[in-house]
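Got a structure for you, questions after.
Any read-out appearing in this document is the output of simple, stated calculations on the displayed coordinates, not a laboratory observation. It should be emphasised that the depicted structure is a prediction, and the values quoted were computed from it without experimental measurement. A quick note on method: Cβ atoms are made from the backbone with ideal geometry, for glycine too, and the neighbour counts reach across all protein chains shown.
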Amino acid sequence: MPPAEAFLSHSNHDRDMAARIARVLHAHGVPAWFSPTNILGAQQWHDEIGAALQRCDWFMLLLSPDAVSSKWVKRELTYALDDDRYNDRIIPVRYRNCNYKELSWTLSALQMVDLRSDFATGCRELLRIWGIGLQLDKIPPV
């Protein structure tokens with residue numbers, strides 16, 4: 001079953017890849033909360049992130065060295081791991097090689113999606129979690 005809304009946690013340094021993933025999800029009918037497009041200029045960004053974490057029913061984590069060193073990514077992941085609503089609904093997405101165990105030792109126990117070698121294959125894996133087939137014409141160019 002597709003999510004009502006998926007939270008996409010990422011480092012600001014990985015914003016372009018997070019935006020690309022969000023576009024693929026939206027094109028396939030999966031609403032994704034993505035901070036650069038969902039937080040308006042005058043809003044209190046930390047309040048908006050908190051509200052989105054409380055509202056979303058899936059949590060995706062874009063993994064990279066920058067994400068591992070981000071205190072905000074760590075805070076978002078800690079929230080998701082502590083909220084029973086996210087049980088079996090956390091998806092680590094490997095974007096760049098990193099020591100993701102620095103974020104949480106529990107990540108290695110979760111099914112991961114891998115975008116490192118082929119974006120389309122990774123998107124196919126991600127959408128398959130929700131029973132959605134990838135439509136290649138809905139993959140945005142780099």
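Out of residues 5 or more away from Phe7 or on other chains, whose amide H comes under 5 Å of its own, with H placed 1.01 Å from N in the peptide plane?
The list, which skips near neighbours in sequence, is Trp33, Asp57, Trp58, Phe59, Met60.
Please list 3J(HN,Hα) in residue order for segment 135-141, calculated via the Karplus relation 6.51 cos²θ - 1.76 cosθ + 1.60 where θ = phi - 60°; whole Hz, with x for glycine and proline.
10, 4, 6, 9, 8, x, x
Relative contact order for the chain: what is it in percent, counting Cα pairs under 8 Å that are at least 6 residues apart?
27
Hey, fewest Cβ within 10 Å first, where do Asp14, Asp118, Asp137 land in order?
Asp137, Asp118, Asp14
At 7 Å along Cα-to-Cβ for each site, give me the label-to-label distance between Arg23 and Arg128 in nm.
2.4
Scale the Cα Rg of the chain by the rule-of-thumb value 2.2 N^0.38 Å and send over the ratio, two decimals.
Against the empirical 2.2 N^0.38 Å value, I get 0.97 for the chain.
Something else about it: What's the exposure ranking of Cys123, Cys98, going from fewest to most Cβ atoms within 10 Å?
Ranked by crowding around the Cβ, least crowded first: Cys98, Cys123.
Assigning unit charges at the beta carbon (Lys, Arg +1; Asp, Glu -1) and nothing else, what dipole magnitude in debye, to the nearest 20, does the chain show about its Cα centre?
The calculated dipole for the chain is roughly 280 debye.
To the nearest 0.05, what FRET efficiency results for Asp47 and Arg85 with a Förster distance of 25 Å applied to their C-beta separation?
Given R0 = 25 Å and the Cβ-Cβ separation, E is 0.85.
Continuing with the same structure: Would you please state the base-10 log of I(q)/I(0) at q = 0.27 1/Å for segment 75-133, with intensities from the Debye formula using one equal scatterer on every alpha carbon?
Summing over Cα pairs of segment 75-133 leads to -1.19.
Compute a Gaussian network model of the chain, connecting alpha carbons closer than 10 Å, and tell me which residue from Asp66, Asp84, Asp57 fluctuates the most.
Result for the chain, Cα springs under 10 Å: Asp84 fluctuates most.
Report the one residue of Gly29, Ser117, Tyr79 whose Cα lies farthest in the direction of the positive end of the charge dipole of segment 6-138 (charges on C-beta: Lys and Arg +1, Asp and Glu -1; origin at the Cα centre).
About the Cα centre, the residue reaching furthest to the positive side is Ser117.
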